[in-house]
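The values are calculated or read from the model by the stated rules, or taken from the named source; none is laboratory data. Bear in mind the structure is a predicted one, so any value in this text is a computation, not a measurement. Every residue, glycine among them, receives a Cβ derived from its backbone with ideal geometry; neighbour counts consider all protein chains shown. Heavy atoms of the whole protein, side chains included, go into the accessibility calculation; ligands, DNA and RNA do not. Shrake-Rupley method; radii C 1.70, N 1.55, O 1.52, S 1.80 Å.
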Amino acid sequence: FPGVYSRMSEIFPWLRETICEKSQAAPAYLSCSDINVPIAVVPSSPEPPPSLSPGLLTFYIRTDFTPEDTGWELRTVPDNRIVASRPMGYYKQQQAEIFEREIVEPGFYRLVIYDQDRDGFQGIMAVYKGQSTAKTDLLVFEPGFSSKSSDSVTHGFHVGDNPPNVLTLDVKFDSNPTQFAWIVTNKEDKLQLGFRWFGFYTEAFESIREIIPIYGSERGLQEYELLIYDNKGDGLCCAFGMGSYALYLGESANASNQIISGAKYESDESYVFQIDASGALVSSSNPPPNMGTLSFGPGGPAPTPTMVTNPVPESNGYGGSDNVSFPTGNIGNSGTSTTTSDTIDPSSAMSPSGSVMVEPGFSYLTLTTFAFAVLILFR
């Protein structure tokens, strides 16, 4: 009888990837666990066992209403080599929750998230180390951005257990932690290496510690900027509690390695400092104020450092997502390890890309002969 013969070996890689991606019960001989394909799961699914690969990353993507506009690239720092990407048009399903995995080498990376129509990304993207989605394993969180970001936003983070150097940010909140946000940026390559935006913190009067990996001796002298925001213009102290913050060089928090501390400010303040190739603090825009900001009580010291101001950006429509269920309730951003509670209300967590739904904030800079107010859109 007539027969049809076909050679399938040439297209076996495509068949394997497609079957593994689409099938809920793929044959064992395909070894689907050995390849990286998008795996659509619900957040309540049991966590897989811990990864043995130190460079394994888990990407969590929640698409918006135009998923085909979204794409991303993961690039090495500083040589800017693409090691993983998803082109625009790759994602098809609206408001879908997707987990994807990639394996990379230890080092610093730049995540670029694209929006083809430049009308904003109303979804969420997070990156975790390993296969866990625990908050302690969070590396990057993008809570959505508006059209003011044009076609992309960028975040930096470090992969691996031994970064060349770190900053430690300690914060004690007042009664309104959702109003607090901060960014650490490397001024040389303009890459955000640490980031927490409005709505990330939710526990009133809580004390948290953030560990922020930064560059080491191979990059030479580097300049960094710490930006602190309050979207109600009342700072961390003292109308609604005795809150404060302090930034340290290294993992320990003591007077010898403190870079800056503060508590009383209005909408924002910033601090620029340099770290040399040996990892030592060599200069800053102003000397650190008096110690003790994390423990003062009523009537105690309330440092008010003089800062260069960068007003909180205006609201510009939608940013972030409402009523979203996240994997184990853990979300965050930018290569930073957080020691805090495990739940976040994403309805107010929005990117500093022009989609911050806050009242416009003003900061006043007094000069010797006149005073003026400046309002700057953040990006």
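Of the numbered criteria (1) farther than 18 Å from THR185 by Cβ; (2) at pLDDT 95 or above, the one PHE157 fails is (1). Of the candidates PHE121, PHE145, PHE141, the single residue that is within 17 Å of TYR90 (Cα to Cα) and modelled with pLDDT under 95 is PHE121.
Only residues that are open to solvent by less than 40 Å² (accessible area, probe 1.4 Å) and within 21 Å of the chain's Cα centre (by Cα) were counted across the range 214-228, and they come to 9. State all residues of the range 244-274 that are open to solvent by 10 Å² or more (accessible area, probe 1.4 Å) and of a type in the set (A, V, I, L, M); if no residue qualifies, say none. Result: LEU249, ALA253, ALA255, VAL272.
For the range 70-169, give me every one of the strands (runs of 3 or more DSSP E) that falls completely inside it and has 3 or more residues that are open to solvent by less than 50 Å² (accessible area, probe 1.4 Å) and either on the phi > 0 side of the Ramachandran plot or touching a Gly at 6+ places or on another chain (Cβ under 8 Å) (or both).
Details: elements: 70-76, 82-86, 97-103, 107-115, 124-129, 138-142, 152-159.
Ranges flagged: 70-76, 107-115, 138-142, 152-159.
Checking each residue in the range 177-213 for being over 22 Å from VAL112 (Cα atoms), open to solvent by less than 40 Å² (accessible area, probe 1.4 Å) and not hydrophobic (A, V, I, L, M, F, W, C) picks out PRO177, GLN179, GLY199, TYR201, GLU206, GLU210.
How about the range 216-262: which of its residues are among the polar types (S, T, N, Q) and either part of a loop (DSSP other than H, G, I, E, B) or in contact with a Cys (Cβ under 8 Å, 6 or more places away or on another chain) (or both)?
Start the filter on the range 216-262 by keeping residues that are among the polar types (S, T, N, Q), which leaves 217, 222, 231, 244, 252, 254, 256-258, 261.
Correct list: ASN231, SER244, SER252, ASN254.
Pairing residues of the range 175-200 that are touching a residue at least 12 places away in the same chain (Cβ under 8 Å) and among the β-branched types (Val, Ile, Thr) with residues that are open to solvent by 10 Å² or more (accessible area, probe 1.4 Å) and part of a loop (DSSP other than H, G, I, E, B), at Cβ distances under 9 Å and at least 6 apart in sequence or on separate chains, gives THR178/THR202; THR178/ASN231; THR178/ASP345.
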